[in-house]
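The values are calculated or read from the model by the stated rules, or taken from the named source; none is laboratory data. If you're wondering where the values come from, they're calculated on a predicted model, not measured in any experiment. Here the Cβ positions follow ideal geometry from the backbone for every residue, glycine too, while neighbour counts run over all protein chains shown. Surface accessibility is based on the protein's heavy atoms, side chains included, excluding ligands, DNA and RNA. Shrake-Rupley method; radii C 1.70, N 1.55, O 1.52, S 1.80 Å.
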Amino acid sequence: MIKTFADLELDSNIVEAIEEMGFSRPTQIQAEAIPQALDGKDVLASAPTGTGKTAAFVIPALQYLQDFPRRKPGPARVLILTPTRELAMQITEQAKALAKNTDFKIFTITGGVQYQEHADLLAHTQDIVVATPGRLLEYIKAERFDCRAIEWLVLDEADRMLDMGFAPAVDRLSNECRWRKQTLLFSATLEGKGVEGFTEDLLSDPATIDADPSRRERKKISQWYHRADNMPHKLALLKHILINQAERTIIFLKTRERLAELRAEMDKAEIACAWIQGEMPQDRRNNAISRFSSGEVNVLLATDVAARGLDVPDISHVINFDMPRTADIYLHRIGRTARAGKKGNAISLVEAHDQPMVERVARYIQEDIKERFIKDMRPTHKKSVFKKKKKKDPAKAKTKAKPKKKTAKKK
Ligand code: ADP
Ligand code: MG
């Protein structure tokens, strides 16, 4: 059983780079996936968001490139596909950090970049290319990119690529890379519709890894809720939390309109924040995220759509200003805190009509979400008790969110 990075028998330059990044031991997915990948196997891996999937494929890819050095300069040997430009940039950054003691050339090909910029880099030798499927296909069609030298194909966030309609593009790219030796597919979940059929064609006899550190990781998230009587009360609670407890916080809202309202309130309260919402110009979105990432502001307002694919390290608090529509979205939201072993907090602000959702979420994640109070800000309304007929067949209960697992519920 792999316990340390030393157990993986990596070249010392890689181990040193890993140490410099402050990773002291492999995460579950890394411990399971890296040996298989180094063994030459295709890999089909799932692990929750924030558990270190990037390094789980970048580390063995770097080792592979070193084990089988190229004889002459040429086109890319490792291709990493990922759904969004932002993720591509994050992967590139991490790959560059892990490869800092090597001469490997790592490039990004995504939308939103001038062709000339790409043309310059495509003229040079590349080792690893991180790309979004749509843009890469354009280049291939225009014969500006050549996949024939690709030896490793990595699909990151496969479930999201499917969600975003990239399946045909990925199929084409897989075909373009048909001379490859290995394929690795990573996903937060392998349960979504279509994932199975999708993976069958891409991988050959893969090692299937379902790293489930979720329970352990989730344990590091303290979850609680505050009841609010009305909007002014909710705002007062939020301000109190932001000023007294929270350090780096993402606040989730259900719509853009709600986000705009809260922005105005934050302005009034002179709490600096950045915000992202769906269909925002890429440069403004990037700008908002970098203000938050760099610590210029400590609060980020986001809608669920906008938060897709977002990875910002070191988030101390996730606040559900609005409860999510489903328990599944709740899990996605809170997964943004407590990443890779850090502690996190998830706080929901709950009005009377949200109470059933809190209970639904608790059933779904099979954990209790406790109520907490802030001094002098207690709610005045009575907590409504929603149909607690315990014996009732859960299938007949009028809840929409169905638990994914068929295991018996705790309650
Ligand atoms: P995922 O792709 O599974 O959502 P990431 O690869 O983005 O997760 O990693 C999440 C965070 O965890 C990143 O900030 C990364 O630097 C950090 N991380 C990755 N591996 C380790 C490790 N072994 N130890 C500590 N932190 C790690
Ligand atoms: Mg990832």
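To check you understand DSSP bridge types, tell me what percent of the beta bridges within the range 35-148 (both residues inside) are antiparallel, rounded to 5. Walk me through the numbers before you get to the answer.
Values: 0 of 8 bridges.
Percentage antiparallel, nearest 5: 0.
Strictly over 23 Å apart at the Cα level, which of 53/181; 72/181; 105/343; 343/370; 268/370 would you flag in this model?
105/343; 268/370
Accessible area per residue for the chain in Å², computed with a 1.4 Å probe and the full protein assembly in place, what is it?
On the way: 20690 Å² over 411 residues.
Value for the chain: 50 Å² per residue.
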Fill in the blank from the handout: Using alpha-carbon positions, the gyration tensor of the range 55-152 gives root eigenvalues a ≥ b ≥ c; with a/c under 1.5 called rounded, otherwise prolate if a/b exceeds b/c, else oblate, the class is oblate
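Where the accessible area of the chain is counted over protein heavy atoms with a 1.4 Å probe, how much of it, in %, is carbon and sulfur? Please report the intermediate quantities before stating the final value.
Working: 10030 of 20690 Å².
Result for the chain: 48 percent of the exposed heavy-atom area is carbon or sulfur.
If you average the sequence gap of Cα pairs under 8 Å that are 6 or more apart and divide by the length of the range 218-371, what percent do you get for the contact order? Walk me through the numbers on the way to the answer.
Details: 252 pairs, mean separation 54.7, N = 154.
So the answer I get is 36 percent.
Tally the DSSP beta bridges in the chain and give the antiparallel ones as a percent, rounded to 5.
0
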Practice task
Let me know the shape class of the range 261-305, please: from the alpha-carbon gyration tensor, a ≥ b ≥ c as square roots of the eigenvalues, rounded when a/c is under 1.5, otherwise prolate if a/b is greater than b/c, or oblate.
Solution key: oblate
Completion exercise
If one builds a Gaussian network model of the chain from Cα atoms under 10 Å apart, the most fluctuating residue listed among 51, 132, 255 is 255
Completion exercise
The answer for the per residue Cα convex hull volume of the range 218-371, in Å³, is 105
Exercise for the section: Take each uninterrupted DSSP H stretch in the chain, measure its Cα extent along the helix axis, and return the ones at 15 Å or beyond whose mean Kyte-Doolittle hydropathy is at least 0.5. Expected result: 231-244
Completion exercise
Taking every DSSP bridge whose two residues both lie in the range 218-371, the antiparallel percent to the nearest 5 is 0
Problem - residue 294 versus residue 113: modelled label distance in nm, points set 7 Å from Cα along the beta carbon direction - result: 2.0
Fill in the blank from the handout: Checked the chain against the a/c 1.5 cut and the a/b vs b/c comparison, axes a ≥ b ≥ c from its Cα gyration tensor; verdict prolate
Practice task
Output ³J(HN,Hα) for the range 142-154: one whole-Hz value per residue in order, computed from phi by the Karplus curve 6.51 cos²θ - 1.76 cosθ + 1.60 with θ = phi - 60°, and x for Gly and Pro.
Solution key: 7, 6, 9, 9, 10, 8, 5, 8, 5, 9, 10, 10, 10
Practice task
Report the full-extension gain for the segment residue 247 to residue 383: residue separation times 0.36 nm, less the Cα-Cα distance, to one decimal in nm.
Solution key: 46.0 nm
Practice task
Compute the relative contact order of the chain as a whole-number percentage, counting only Cα pairs closer than 8 Å that sit 6 or more residues apart in sequence.
Solution key: 16
Fill in the blank from the handout: Listed residues 271, 109, 150; largest mean-square fluctuation, Gaussian network over the chain with Cα springs below 10 Å, found at 271
